[in-house]
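Below: one structure, written as structure tokens.
Coordinate-derived values only; no laboratory data. Not measured: the values here are computed from a predicted model.
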Amino acid sequence: MATVLLPRSSLPLAPRSTVIGPLLASPAPNSLSSGCSGSLPVSSAFFGPLACPTSCRIAHRELSRTTSSSSTTTTTTTSLRWLLDTSPRNNNLQCQHHHHRRRRRQFMISAPLLFIIAEGSNRSSLAKAETGTNSPLMNSSNSSKTVFVAGATGGTGKRIVKELLSKGFQVRAGVRDLQKAKAALPSSDNLEFVLADVTQSVELLAKAIGGVDAVIVATGFRPSFDLLASWKVDNWGTRNVVDACKLNQVKKIVLVSSILVNGAAIGQLLNPVYIILNIFGLTLVAKLQAENYIRKSGIDYTIIRPGGLKNDPPSGNIFLSREDSIYEGAVSRDTVARVAVESVSTPEASYKVVELVEKSDAPAKHVQELFASVS
């Protein structure tokens, strides 16, 4: 099968982007050795707070310490503060509470790429510039929260709207066709329809979004002969939503993306799914650029990367994993909707990128617990 490479001038890549050539790719997933009995698998492209292995009983964000006396038991919750010095002069990462030494992560150079993803993963600089000033929504009941859904009439978007309504949220559905939306979505006093196109100007989009508490982006381009269609929706469109959220001081943004968006950097360049999804307009490349834009925005985010989307009801338990760790698998759109809605008010979902599939042998756990397990 012939590989078609578009001229560089036809691709609206960021100035730092490179189209072809042997390049340093994003570091592949690695593990950091510790003084503990196990090792913690993490993405070496991510410099966020690191947790010690489960066997050390050190949680990702908090350490619950219980001390007993003859008459009382006092439970103290101590926030873990991590000292992460990634300068070349420091060969160790050290947890201030438990002196586990971890060797410096090792970078690896990927094989020459046929085409490389834009804005290569400079994720170390994003990690907790993600400290953003906005915190997850967790203080008030769902009925007092309004969520805007971009792509509300799509296969996943309409399920997200229904899930939000079932959880008691006020919903503002961003649609391009009001008649189609009213036919596709349930009638509810808690549902408002607004005309919104993510490819329109940021100012118009900000007016449509309004003063909501959170935004869920479930847009996706429809296959066509327009090779820029995926860029207009999956990249530029998502960027427009982010900029509109900044104007409106929205506290939370949830993006439904896809597994394998970083496929070229993790050795999945020849994965059939990666090839197929990129064959028309480099769809996964566009999604990755949008993800990176969100991560730099300063807004509290959750990025959900589902596997192959099924219209059928769920057929297995939810399996959540860290970014760039799942290369195949499928998931019901109903499950994606459930996880997306849960992430709006789940503190453990804050500033995380997770990959999602269904597995029959996965243990049944609450979504909040699953988010907490992903570091």
Margin query: Cut-off under 16 Å on the C-alpha distance; same-chain residues fewer than 8 positions from Lys180 excluded. Which lysines are left, in chain and number order?
Written below: Lys158, Lys162
Next item on the list: Apply the Karplus parameterisation 6.51 cos²θ - 1.76 cosθ + 1.60, with θ equal to phi minus 60°, to every residue of the range 329-334 and state each ³J(HN,Hα) to the nearest whole Hz, in sequence, with x for glycine and proline.
Entry: x, 9, 7, 5, 4, 4
Notebook entry, point to check: With θ set to phi - 60° and the Karplus curve 6.51 cos²θ - 1.76 cosθ + 1.60, what are the ³J(HN,Hα) couplings of the range 344-361 in order, to the nearest whole Hz, using x for Gly and Pro?
Noted result: 4, 10, 9, x, 5, 8, 5, 6, 10, 10, 10, 10, 9, 9, 10, 9, 5, 9
Next item on the list: Could you work out the relative contact order of the range 209-318, using alpha carbon pairs under 8 angstrom and six or more residues apart, expressed as a whole percent?
Entry: 33
Check: Cα gyration tensor of the range 257-375, axes a ≥ b ≥ c as square roots of the eigenvalues: rounded (a/c below 1.5), prolate (a/b > b/c) or oblate?
Finding: oblate
Checklist line | Computed P(r) (all Cα pairs; the range 137-248; 5 Å bins; percent) | finding: 2, 13, 24, 24, 19, 12, 4, 1, 0, 0
Margin query: Could you give the length gained by full extension between Leu178 and Glu203, i.e. 0.36 nm per residue of separation minus their alpha carbon distance, to one decimal place?
Written below: 7.0 nm
Notebook entry, point to check: Once the range 307-375 is represented by equal point scatterers at the alpha-carbon sites, with solvent omitted, what log10 I(q)/I(0) does the Debye formula produce at q = 0.29 Å⁻¹?
Noted result: -1.51
Note to self: Longer than 20 Å from Cα to Cα, which of Lys167/Lys252; Lys145/Lys251; Lys252/Lys359; Lys145/Lys246 are they? Say none if no pair is.
What the structure shows: Lys252/Lys359
Check: If you average the sequence gap of Cα pairs under 8 Å that are 6 or more apart and divide by the length of the range 305-350, what percent do you get for the contact order?
Finding: 45
Next item on the list: Would you kindly derive the ³J(HN,Hα) couplings of the range 175-185 from the backbone phi angles with the Karplus curve 6.51 cos²θ - 1.76 cosθ + 1.60 (θ = phi - 60°), listing them in order in whole Hz, with x for Gly and Pro?
Entry: 9, 9, 10, 5, 5, 4, 5, 5, 7, 8, 10
